[in-house]
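What follows is one structure encoded as C-alpha cells, with my remarks underneath.
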Amino acid sequence: MKQKLLLLAAVFAGTVFNSTAQTTVYSNDFTVGTGLTIIDADGDANNWGLYTGNATTAGWGLTGNFAGSRSWNPANTTTGAPATALTPNNFLLSPQITIPTSFGASTLSFSIGSNDASFPAEQISIYLAPITATTAAAISALTPVFNYTLTASEALIATTFTADVSAYAGQTVKIVMRHHGCTDQDLIFFDDLLLSQETLGNETFEAAQFVASPNPTSGVINVMNKNNTTIKNVVLTDLNGRIVREISNDSMSFQMDLTDLSTGIYMMKIRTDKGVATKKIIKN
C-alpha cells in the first residue's frame, strides 16, 4: 500500500485581478483562493485546491499556501473509504488578463513539484486561453505554452520554470493550469505564478553591452560588462524554462560555474540597473 504525505485542501472559487507593479501583469502566490476558478473535466469531484502550508512544505521552498491537484486519493479514516487511484483532467483558471503591448518580452514563471519521490510523474500543461475558450475541450485543443511531466528530482522541492509568452502581447487571456495525463501518482503542487514584462528596447540595447566567454564553455563562464552598468541579478534557464542557476550580484562583471550542468543550450538573463540582457550560453 502506498504511504503518502497527506495535506489539507479547500476548493477555489471567485474571480479577482491582481496587478502589483509596472512590470507585473498578473501574480498569485495562492495565499487565498480568490481570483481562481476550476473545471473538473474528468467528473470525479476531485480538483485543484488550496493547500495549507506548514513547516514541511516550507522546507520544500513553498511559502505559505499553494495550489495542488491529486492523481491519488488517500484512504479516509473517518468514512472508511479506501485509497483510490485518480486519472485527473483538472483545470485551474486565472481571472481574465489583458497583456499590454507597451512593453517588450513577456515571461510566465511558476514553481511546481510533487510530494512523493516514489510517485512523481505528475503532468501539467499551461495555456494562455482566449476568453472565447470557456470549456475544457476548447482549452485542451489549444497549444500549451508549457508542458512537463515531473521526475523524482522534482519531488519535495519547488522548482521554478519559465515560459516565453511574448507572442500573446495585446491579447486578453486566462492562464490555465491543467493537471492531466497521469494516473495513481500522488499530488502536484503549484506556487508563485507570475506573468511579467520587460522593456524590449532596454533588453535589446543592454544585450550588446555584455561579453560571455568562453562560450561555448565546459566549466566557468566569465561575463564582462563593456559599460558602467551595475548587474543586479543573473538567472540561467534550460530550454524547458527551468531555472538551473540564479545569483544576486552588485558589480560590473561576474563568474558562473556550469561544470555540473548537462551539455546543451541555456539562456542567461542579466538584470541590470538600466535594463535586462539575454545571452545564449552553450555548455560543452
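I'd like the residue in the range 47-63 that is assigned to a loop (DSSP other than H, G, I, E, B) and open to solvent by 40 Å² or more (accessible area, probe 1.4 Å) and, out of all such residues, is nearest to Q123 (Cα to Cα).
Selected residue: G61.
If you check every pair at least six apart or on different chains, which have Cβ atoms under 7 Å apart with a residue in the range 139-153 that is farther than 15 Å from M177 by Cβ first and a residue that is open to solvent by less than 60 Å² (accessible area, probe 1.4 Å) second?
Going by the 7 Å Cβ cut-off, the qualifying pairs are T151/P120; A152/A117; A152/P120.
For P88, are the conditions met, namely being more than 21 Å from T183 (Cα to Cα), part of a loop (DSSP other than H, G, I, E, B) and either of a type in the set (K, R) or touching a strand residue (DSSP E or B) at 6+ places or on another chain (Cβ under 8 Å) (or both)?
Working: more than 21 Å from T183 (Cα to Cα): no; part of a loop (DSSP other than H, G, I, E, B): yes; either of a type in the set (K, R) or touching a strand residue (DSSP E or B) at 6+ places or on another chain (Cβ under 8 Å) (or both): yes.
Taking the combined requirement at face value, the residue does not satisfy it.
Regarding L195, is this residue open to solvent by 60 Å² or more (accessible area, probe 1.4 Å) and over 30 Å from T84 (Cα atoms)?
So L195 does not fit the description; no.
Is it the case that some residue within the range 245-267 is over 22 Å from the mean Cα position of the chain (by Cα), open to solvent by less than 20 Å² (accessible area, probe 1.4 Å) and β-branched (V, I, T)?
For the range 245-267, residues over 22 Å from the mean Cα position of the chain (by Cα), open to solvent by less than 20 Å² (accessible area, probe 1.4 Å) and β-branched (V, I, T): absent.
So how many residues does the range 58-96 have that are at positive phi and without any contact (Cβ under 8 Å) to a residue 24 or more places away in the chain? Reasoning before the result, please.
Our first condition is that a residue be at positive phi; within the range 58-96, this holds for 61, 64, 80.
Now drop any that are not without any contact (Cβ under 8 Å) to a residue 24 or more places away in the chain, which leaves 80.
Qualifying residue count, the range 58-96: 1.
Out of the residues in the range 32-46 that are surrounded by 18 or more Cβ atoms within 10 Å (Cβ to Cβ) and touching a helix residue (DSSP H, G or I) at 6+ places or on another chain (Cβ under 9 Å), state the one that is farthest from A137 (Cα to Cα).
Among those residues, the one meeting the criterion is I39.
Of the residues I126, I131, I139, which single one is surrounded by fewer than 20 Cβ atoms within 10 Å (Cβ to Cβ) and of a type outside the set (D, E)?
That would be I131, the only listed residue that is surrounded by fewer than 20 Cβ atoms within 10 Å (Cβ to Cβ) and of a type outside the set (D, E).
Given the criteria over 23 Å from D191 (Cβ atoms) and open to solvent by less than 40 Å² (accessible area, probe 1.4 Å), does A155 qualify?
no
The values are calculated or read from the model by the stated rules, or taken from the named source; none is laboratory data. None of these values were measured; they are calculated from a predicted model. Methodologically, a virtual Cβ is constructed for each residue, glycine included, from the backbone with ideal geometry; neighbour enumeration extends over all protein chains shown. The accessibility values were calculated without ligands, DNA or RNA, using every heavy atom of the protein model including side chains. Shrake-Rupley method; radii C 1.70, N 1.55, O 1.52, S 1.80 Å.
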